[in-house]
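Worksheet: the structure to be examined is printed underneath.
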Amino acid sequence: MEIKYKNIYNSIKNKITTGVYKENEQIPDEMSLCKEYACSRMTVKKALDMLVQEGLVYRKRGQGSFVMLQGDIHHRLLLQESELAGLTRSMPGKTKSTVLEFRLMFADEKIAQCLKLNVNDPIYNILRLRFIENKPCILERTYMSVTLIPGITLDVLNHSIYNYIEQELCYKIASAQKTSRADISNSFDHKYLLLKEIEPVLEVEQIAYLDNGQPFEYSITRHRYDYFEFTTYSVRR
């Protein structure tokens, strides 16, 4: 089965990257793929799981599997649900936020590309200081489309944006592309994260997606290096 599911994975991946299966297009269901590749449903499911984990495919409950928006598709990673729960729900300790900036602006080329918007579309520009057990841990700069995520207020920002998106707007948050890097701490980090000039930060750049493949959030978060560690999972192919 091992060689078979890898062959199926490679075949479907090739159809996605060459445009046979297009962005947001539904791919054949599991039973159809079983017939096409003359294999068991378990073998097909394992191949699809690999495609989901790599971020090439996303699933809609009760509807099937769909091709993810391209973007930087080869580096996109589907994270575990707990990693995408947002700080409020994912951290065991007491959390709170202080809003340092909250304003509307127009998307520049970089943000428009990340959020699949047009340049000069209206977006939120949000800067929050996140606390865990009353300790300042994260500086979080977030950009979201005003049209896609309407109604964000200071009250929402002081609690959980992800709760608001899922409970009030009834969207389903599904996956994210993350890039992590070490950086030299700057004056903002010294002031708000209480770091010394010689201490580094862990910076995480993220594009988060809804279950229809639409990016809804572009963020850059700067973490105290001594409070966090990041774990990733890889699959050998």
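Read-outs throughout are calculated quantities, based only on the coordinates presented, and are distinct from any laboratory measurement. Here the structure is a predicted model, which is why all the values come from computation and not from measurement.
For segment 206-222, backbone phi angles converted through the Karplus equation (6.51, -1.76, 1.60; θ = phi - 60°) give residue-by-residue couplings of 9, 10, 9, 10, 7, 6, 9, x, 7, x, 10, 9, 10, 9, 10, 10, 10 Hz, Gly and Pro being listed as x. Taken as Cα centroids, segment 129-157 and segment 164-221 sit 10 Å apart, rounded to the nearest whole angstrom.
Couplings for segment 26-34, taken from phi via the Karplus curve 6.51 cos²θ - 1.76 cosθ + 1.60 with θ = phi - 60°, read 6, 8, x, 6, 4, 5, 5, 5, 4 Hz in order; Gly and Pro are left as x. Diagonalising the gyration tensor over the Cα atoms of segment 161-228 and scaling each eigenvalue by 5 before taking the square root yields semi-axes of 30, 13, 8 Å, largest first.
The 3J(HN,Hα) values that the Karplus relation (6.51, -1.76, 1.60; θ = phi - 60°) gives for segment 37-46 are, in residue order, 9, 6, 9, 7, 5, 4, 5, 4, 4, 5 Hz. Gly and Pro appear as x. A cut-off of 5 Å between modelled amide H atoms, ignoring neighbours fewer than 5 places along the same chain, links LEU100 with LEU127, ARG128, LEU129. If the segment from LEU100 to ILE198 were pulled out straight at 0.36 nm per residue, it would be longer than the present Cα-Cα gap by 32.9 nm. The amide H of SER175, built 1.01 Å from its N in the peptide plane, has TYR209 as neighbours under 5 Å, considering only residues 5 or more places off or on other chains. Remark on ASP121: its backbone amide H falls under 5 Å from those of ALA107, a criterion applied only to residues 5 or more positions apart or on other chains, H modelled at 1.01 Å from N.
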